[in-house]
Amino acid sequence: MVVKKPLGEDEFLRLLQTEEGKLYRIALAVLGNEDDAWDSLQQTAEKAWINRSTLKGGRSAFPAWIKKILINQSLNILKTRNRQIPTDPREMTGILDLPPKNGKPGDIDIIWDLVLELGPEHRTVIALRYLGDLSIKEIAGKLGISPGTVKSRLYTAHTRLRQKLQDNNWQGVNKNGT
């Protein structure tokens, strides 16, 4: 029987640093608040370090493993603080922090502006599905709702996003200094 040693401190920190930006963006998308996102990230790092011996698959499994821990921590923060995700997208600046291309926003910036305009229920399922890379069943379990409700919220969010993209007058929340 081969006993696998947990990640050493240097390797753990290197892997964590590689994932830090992605993890922060996921926490911010779920929580809608920079302070809560940093709290979630810090709690995730602590919990991951303590439980590093449970990581199966080594370095290659680390990103998915730590992402799951972060999502759980973020959802726990939402529950324990009984907070609503802010509905004003201007409160959620810097989620992607991608530089504009040629002085113009890239496609991802435009899409994210649209996502930020969604209500909290729809924004949360979008964030968990696409940033958190969770399945519909996993999202349902994390949010304590049925898979049908998750599907419905995703469908509604996709429909609203599609409608906004087709609206020629849409300028986005980050345009014109607003």
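Data for the structure
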item	result
Filter pass, Arg90 being assigned to a helix (DSSP H, G or I), at pLDDT below 70 and over 28 Å from Pro63 (Cα atoms)	yes
Near pairs, Cβ below 8 angstrom, 6+ apart or cross-chain, from segment 51-66 (among the polar types (S, T, N, Q)) to any residue that is modelled with pLDDT of 90 or more and in a helix (DSSP H, G or I)	Asn51/Ile69
So Lys79, is it outside any helix (DSSP H, G or I) and free of Cβ contacts under 8 Å to residues at least 24 places away in the same chain	no
Residues of segment 16-74 satisfying the condition of being closer than 24 Å to Glu121 by Cα and either small (Gly, Ala, Ser) or out of contact with any helix residue (DSSP H, G or I) (no Cβ under 8 Å at 6 or more places or on another chain) (or both)	Gly21, Ala27, Ala29, Gly32, Asp35, Ala37, Ser40, Ala64, Lys68, Ser74
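The values are calculated or read from the model by the stated rules, or taken from the named source; none is laboratory data. Model, not experiment: these values are computed from the prediction. Note: ideal-geometry Cβ built from the backbone for every residue, glycine included; neighbour counts use all protein chains shown.
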